[in-house]
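S.K.: Mind looking over this structure? Questions follow.
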Amino acid sequence: MLNCFESLWFTKNDKKIKYNCIKNDSYVEGSRNTSLPSITISGSGDVPGSLKGNMKFLEERLKRYEDEVGHISSTSTLIDRASYLRKHRENDVSTTIINIEDSMNVDLCFVLDCTYSMSHHITAAKEHILKVANYVNKNNSNIKLWVGFCGYRDHTDSDRLQILNFTSSLEKFKTYITNKVTAKGGDDLPEDVLGGLNAAITKMSWSNATRILIHIGDAPPHGRRFNETGYHDNNPDGDPNGLTAESVLEKMQLKNILYHFGKINDFTDVMLSVFRKIIGEFPVFDLKTTGNNPEILVNKFCKATCSAIFSSITLTTTLRNSKCIYSLQRKKLQINPHEPNWATLTEKTGELLCYIPPKTLTEVKDEYYFINSSFTVQEISFKLAPQPFSVGAERYAYFALDTNIGRANKLVIKQYHDVKIGTIEQYLESVEISSVAYFLSMEFNIAAQRVGINKKVTFIDVKVLYDKTNNIYYSVEKCINNAEFKRFNVNSGIITEFHSILEAFAHFTYQYTEGYLVVYDLQGVDLYNEFLLTDPAIHCIDLLRFGITNLGKNGIQKCFLANHKCNDICKKLKLSKVNSKRREFRNGFWQVISALIFARK
């Protein structure tokens, strides 16, 4: 790479505008006219002198933030617009924090087939609930569970439905299943699945912000649409009470209830396909029995239930309403988890843009460092999968292949859902987040190694990819092969899988930056000698940095400090201990706020 600065010229309104970047030796000058956004400084108002070269990025960022919060300032200067926007973002963040606290209150309903073949699963449902509560509360004591039960059999059975309304007493739940629920009944293969789901949705008192329904069964509903193998069905025309999958699942969506299914055998495959067409993709857990080992089944129940709790709270805090959640689940129907046949795909040409990462804390804390920074430019040829393999709340993820001469490296390309064609600013912000996290992880690794901690925390290098053919920007990173991808903690403060090194790393970022920010929402793979991470979020006291997932000072305090418990790694690094009394006060304060919110409902 050439260590020299070159000038790129772009055209806007028939005027040439100069932009500085570091030129890579593979870049051919004049290969494009508009592949980077033009820069304009006219009419920008009073701004710091160092910014007057890159005002386009700042203007685009302010406009995006204004659109996100729904407030547009009538003032003309960027400084006044930024001040106005900060005020409204603070208000929005306060509301978001209350919503996060609210979402920690969970209605958890088990809808269970209680016919004769389900005896082992009824026992597992009884035995696993206390283990779930202990696991959840170990690192997430702010999560409060209300559990309920709806058992169903078939239309000819005397005890067709059994309902225990939501209770905060886990012992009461366990006692009810132990004493009241027995495996009996059932005639033909199908059961009253729709009746059981409908009863759980309409006859139980759903009241909390996060609402989870875990359906466990080994048979489909009645009706020909669920019967492709020709088994005997006493009600081939469907539910004798007139219920349909559409009518039941639409009620579920209207009540903001998130559906999960525990799969026992293949008889429910057609049912799941029908349900997906109505509500989109949803989690399916493996609850098949292996031999006669009840402990294995209980552990499967625990893993499935904890996963449902953590994922549902995350969805509720991120998307906030069922319309957005079910829209995301419908988008998941578009994904293809398998790599394409690369030989059949057309090669594209593009450019990789990469920031020079910060080298000091001063650069990290400089709000204009990335807006005013230069980046390298490198030519690339690549192939892109036609369908995403994953979709999240903000972005699609695609398999891709770097096809430059002499190499065929696998990549992951990510695209925001609703970004306009040719817009780069949001992708540069994603690189900014990654670059800051990378710098802090390197500083953490140096400090950790000094005290004998050799497992590293590493963030994957993220670049911006410009597709010349279609005038589209993406973020791009290398593909992690043959490893299980996990989410270790969440931006809202939930710890889904505790690792002392990762929690200490987050604490380190807070102390190293002197309380300026915290890097959280850590996800990736757990390798032998390192955590290889991607897509972090940053809570920062400057609300005009790091995107909508930045919850500012409130996020630092309520989503990290209030829940963090210093561990052995924190102590070895001599990180300042979080004030436990202050944390208890904050937890108590927000519990009072939550109670007031519920009182208004």
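S.K.: List, please: which pairs have Cβ atoms under 9 Å, are six or more places apart or on different chains, and start with a residue in the stretch 205-217 that is closer than 22 Å to residue 120 by Cα and end with one that is among the polar types (S, T, N, Q)?
M.R.: 214/305; 217/115; 217/268
S.K.: In this structure, is residue 312 open to solvent by 40 Å² or more (accessible area, probe 1.4 Å), closer than 28 Å to residue 110 by Cβ and polar (S, T, N, Q)?
M.R.: Details: open to solvent by 40 Å² or more (accessible area, probe 1.4 Å): no; closer than 28 Å to residue 110 by Cβ: yes; polar (S, T, N, Q): yes.
Criteria not met by residue 312.
S.K.: In the stretch 495-535, which residue that is part of a loop (DSSP other than H, G, I, E, B) and under 22 Å from residue 306 (Cα atoms) is most open to solvent (accessible area, probe 1.4 Å)?
M.R.: Per the criteria, the residue is 498.
S.K.: Which fully enclosed helices (runs of 4 or more DSSP H) of the stretch 283-395 have 2 or more residues being touching a residue at least 12 places away in the same chain (Cβ under 8 Å) and in contact with a Leu (Cβ under 6 Å, 6 or more places away or on another chain)?
M.R.: So the answer is 294-319.
S.K.: To continue, here is another question. For the subset of the stretch 374-412 comprising residues that are open to solvent by less than 20 Å² (accessible area, probe 1.4 Å) and closer than 21 Å to residue 327 by Cβ, which member is modelled with the lowest pLDDT?
M.R.: Among them, the one singled out is 391.
S.K.: Okay, moving on. Can you name every residue in the stretch 551-597 that is within 24 Å of residue 91 (Cα to Cα), at pLDDT 75 or above and either open to solvent by 40 Å² or more (accessible area, probe 1.4 Å) or touching a Lys or Arg at 6+ places or on another chain (Cβ under 9 Å) (or both)?
M.R.: 551, 552, 553, 554, 557, 558, 561, 562, 563
S.K.: Out of everything in the stretch 476-494 that is open to solvent by 30 Å² or more (accessible area, probe 1.4 Å) and more than 30 Å from residue 424 (Cα to Cα), what residue ends up being modelled with the highest pLDDT?
M.R.: This residue is 484.
Matching residues to (1) of a type in the set (Phe, Trp, Tyr); (2) surrounded by 16 or more Cβ atoms within 10 Å (Cβ to Cβ); (3) in contact with a strand residue (DSSP E or B) (Cβ under 9 Å, 6 or more places away or on another chain):
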residue: 129; (1), (2), (3): no, yes, yes
residue: 147; (1), (2), (3): no, yes, yes
residue: 165; (1), (2), (3): no, no, yes
residue: 169; (1), (2), (3): no, no, yes
residue: 179; (1), (2), (3): no, no, no
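S.K.: Is it the case, given these coordinates, that residue 370 is crowded, with 18+ Cβ neighbours inside 10 Å, modelled with pLDDT under 90 and in contact with a Cys (Cβ under 7 Å, 6 or more places away or on another chain)? Steps first, answer last, please.
M.R.: Details: crowded, with 18+ Cβ neighbours inside 10 Å: yes; modelled with pLDDT under 90: yes; in contact with a Cys (Cβ under 7 Å, 6 or more places away or on another chain): no.
For residue 370, the condition - crowded, with 18+ Cβ neighbours inside 10 Å, modelled with pLDDT under 90 and in contact with a Cys (Cβ under 7 Å, 6 or more places away or on another chain) - is not met.
S.K.: If we keep just the residues of the stretch 81-131 that are assigned to a helix (DSSP H, G or I) and touching a His at 6+ places or on another chain (Cβ under 8 Å), which is nearest to residue 263 (Cα to Cα)? Explain how you work it out, then say what you get.
M.R.: Restricting attention to the stretch 81-131, the residues satisfying the condition of being assigned to a helix (DSSP H, G or I) are 81-103, 116-131.
Still in the running and touching a His at 6+ places or on another chain (Cβ under 8 Å): 84-85, 88.
Numbers: 84: 51, 85: 48, 88: 46 Å.
By that ranking, first place goes to 88.
Yes/no matrix, rows are residues, columns are (1) open to solvent by less than 40 Å² (accessible area, probe 1.4 Å); (2) modelled with pLDDT under 90; (3) over 18 Å from the mean Cα position of the chain (by Cα):
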residue	(1), (2), (3)
264	yes, no, yes
276	no, no, yes
291	no, yes, yes
316	yes, yes, no
339	no, no, yes
349	no, no, yes
354	yes, yes, yes
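The values are calculated or read from the model by the stated rules, or taken from the named source; none is laboratory data. Values in this document were obtained by computation on a predicted structure and should not be read as measured data. Cβ: placed from backbone, ideal geometry, glycine included. Neighbour counts: every protein chain shown. Please note that ligands, DNA and RNA were not included when accessible areas were found on the heavy atoms of the full protein model with its side chains. Shrake-Rupley method; radii C 1.70, N 1.55, O 1.52, S 1.80 Å.
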